[in-house]
Amino acid sequence: MQKNKKKKIVLFMPKPSKYGYYLGLPLALMEICSLIDKKKFSIKIVSANPDSDYKKEICETIDENTVLFGVSSMTGYQIKNSIEAIKLVRKKKPCIPIVWGGYHCSLLPEETLKSEFADIAVIGQGQRAFAELAEALSEKKSLGAIKGIAYKSNGKIRINPSREPEDVNNFPDIDFSLVDVEKHIIPFENGKRYINLCTSYGCPHRCSFCVEPVLSKRKWFGLKAERVLKQMEFLVEKHNIGFFGFNDSNFFVDRERIKKICKGIIKKGWKIEWGDANGRTKQLLMYDEKLWKLMEKSGCKSILIGAEGGSQEILDLIDKDTSPEETVKFAEITRKHNIDAVFSLMAGIPKYPDYLDKKKANAGVKKEIWDILKMLNKSLHEKKYHAILLFVYTPYPGNPLFEISKKIGFKEPKTLEEWADFEIIANNVPWVSKKNYAIAQQLMDFVFPYACDYYKKKHIEKLGFVQNIFHKTALWRWKHNFFAFPVEHEMLKFFRKARGKIKK
């Protein structure tokens, strides 16, 4: 009777940070199962979300029928949380193969497999490789012929030939029955229910700080509009979704696809909104007025733009293929169509050999921050924006800037366990001084949020008097570029720390 049971695949989506949880759909894990034969295998996806005891769930799920335990991980804390989960699996069933997927192991497969907590790595786009891997493990066959994986064999690490990225339309529709969708719906503004989707793979552009050109080889494949609308229809009708956030690396590559999606939404008569969609300035500036109106009518509310820098020098250095002037123009267009432009920006881009000199580095990074503020002042005449994201540059393995960073002092971790302690949002580079880092943090954490009218209205009911003071001082600091003696920021951090202790 035991022999007739389905083989079991158990997958884990780890926490993004020590105190944060993964709230959305575990799309990467759901997508990687698209070619798995459901007649042969049962699939269990466990997410580290606040509504479940994921450790208990993993221990209760693992049994003698489990053919593999898989994790999907970015660089940083997700590795640490994945290893914690793997230790639980190893304690219960030591011989179950441990499979890693995601950005980190795809970029550093050999280094990943040197760890005792990894047996197999799926590299890059994984749907087809993962299905072949599951079949081979269940039949106890050799892994040597499976393209797009690396694995341990007799104490040696073997990296198989790579697998070319393929059209996502070759794969079946995402199977929402793999998870309890209700547990992954996020409460949103005006009582709307928010969910995330991903409708494409890759990015055709060449940004030198990004890993996409390495993994997707500058290829992009978008799910046909009809299939996107089919997914949305299921979620609207079955789960009353009111806002769709799109996790695509680049949602707006195909104008005709966007047009069809927008027309489909309007035709269906759904009272929904959508946004958090990633796009490129130059690309979107090529959209005509008719398409912008169509996006507005269909419910587009926000577009995330990698503006990255405020000077042409920096944008050219990172191969962004755009200009600060185009960012300003983009902001004007989105404002005209009642769409929020969310700018993502970086300071501390490595300049070799200039930043070997500390004085040049301090002056250069400070200028980057000032140029960003100048560009934002031109883009945002009034502080009626949705959000501004400012990060200090962190080298990420696999791209050209990573190699440049090492030349000017960045010490990269050498093991999977060391990468687990690598904080992406921390200051990891020696050419960004403590002072410049503090200014960047103050802008990101205090000035940009509290100067924003939207943020003030959203939080005014909580400590309204303090909110008003913070709003006025944030505006004043931005106007005068005065970031010394950050009393309000320190107060804010104190409040948050105290609140965190109370919640514990």
**Study point:** For the chain, cysteines whose Cβ has no other cysteine Cβ within reach (under 4.7 Å)
**Key:** Cys33, Cys59, Cys95, Cys105, Cys198, Cys203, Cys262, Cys300, Cys452
Practice item. Would you work out the relative contact order for region 44-161, in percent, from Cα pairs under 8 angstrom that are 6 or more residues apart? Key: 20
Check your understanding: Using bins 20 angstrom wide from zero, how does P(r) for the chain break down, in % of all Cα pairs?
Key -> 21, 55, 23, 1
Exercise for review: Excluding residues fewer than 8 places away in the same chain, name every one of the aspartates and glutamates whose C-alpha is closer than 17 Å to that of Lys493.
Suggested key: Asp445
**Study point:** Contact order normalised by residue count of the chain, Cα under 8 Å, 6+ apart, percent
**Key:** 11
Revision key, fill the gap. With region 179-316 reduced to its Cα atoms and the Debye formula applied, log10 I(q)/I(0) at q = 0.09, 0.13, 0.15, 0.22 1/Å amounts to -0.29, -0.60, -0.78, -1.42
Practice item. Along each of the three principal axes of the Cα atoms of region 290-359, give the extent in whole Å, ordering the values from largest to smallest. Key: 52, 16, 15
Exercise for review: Below 22 Å Cα-Cα, how many Lys pairs turn up in region 124-204? Only count pairs eight or more apart in sequence, or on different chains, if you could.
Suggested key: 6
Review point. At Arg218 and Glu403, where each label point lies 7 Å from the Cα along Cα→Cβ, what is the point-to-point distance in nanometres?
Key: 1.5
Practice item. Taking a cut-off of 25 Å between Cα atoms, list the lysines near Lys497, but don't count ones fewer than 8 places away on the same chain. Key: Lys15, Lys18, Lys80, Lys434, Lys435, Lys456, Lys457, Lys458, Lys462, Lys472
Point to revise | Shape box of region 406-446 [Cα atoms, principal axes, largest first, Å] | key: 34, 22, 10
Point to revise | Helix-only mean residue ellipticity at 222 nm for the chain, each DSSP H run of n ≥ 4 adding -39500 (n - 2.57), per residue, nearest 500 | key: -12000 deg cm²/dmol
Review point. Assuming R0 = 25 Å, what is the FRET efficiency of Asn240 and Ala387, from their Cβ-Cβ distance, to the nearest 0.05?
Key: 0.45
Practice item. Please say if region 2-159 is rounded, prolate or oblate, where rounded means a/c under 1.5 for a ≥ b ≥ c the square roots of the C-alpha gyration tensor eigenvalues, and otherwise the choice is prolate for a/b larger than b/c and oblate otherwise? Key: rounded
Check your understanding: Taking only C-alpha pairs under 8 Å that are 6+ residues apart, what is the relative contact order of region 168-448 in percent?
Key -> 15
Practice item. First measure r as the distance between the Cβ atoms of Asn481 and Lys414, then evaluate 1/(1 + (r/R0)^6) with R0 = 35 Å and state the FRET efficiency to the nearest 0.05. Key: 0.30
Point to revise | Too-long pairs where the Cα-Cα distance tops 28 Å, listed order kept, from Lys40/Lys217; Lys320/Lys406; Lys290/Lys384 | key: Lys40/Lys217
Check your understanding: When the Cα centres of region 52-97 and region 397-442 are compared, how far apart do they sit, in Å?
Key -> 29
**Study point:** Value of D in µm² per second that Stokes-Einstein yields for region 168-448, Kirkwood Rh from Cα pairs, at 37 °C (0.692 mPa s)
**Key:** 161
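Every number here is computed from the coordinates shown, using simple stated rules; none is lab data. Everything numeric here is computed off the predicted structure, so don't read it as measured data. Every residue, glycine as well, gets a Cβ built from its backbone with ideal geometry; the counts of neighbours run over all protein chains shown.
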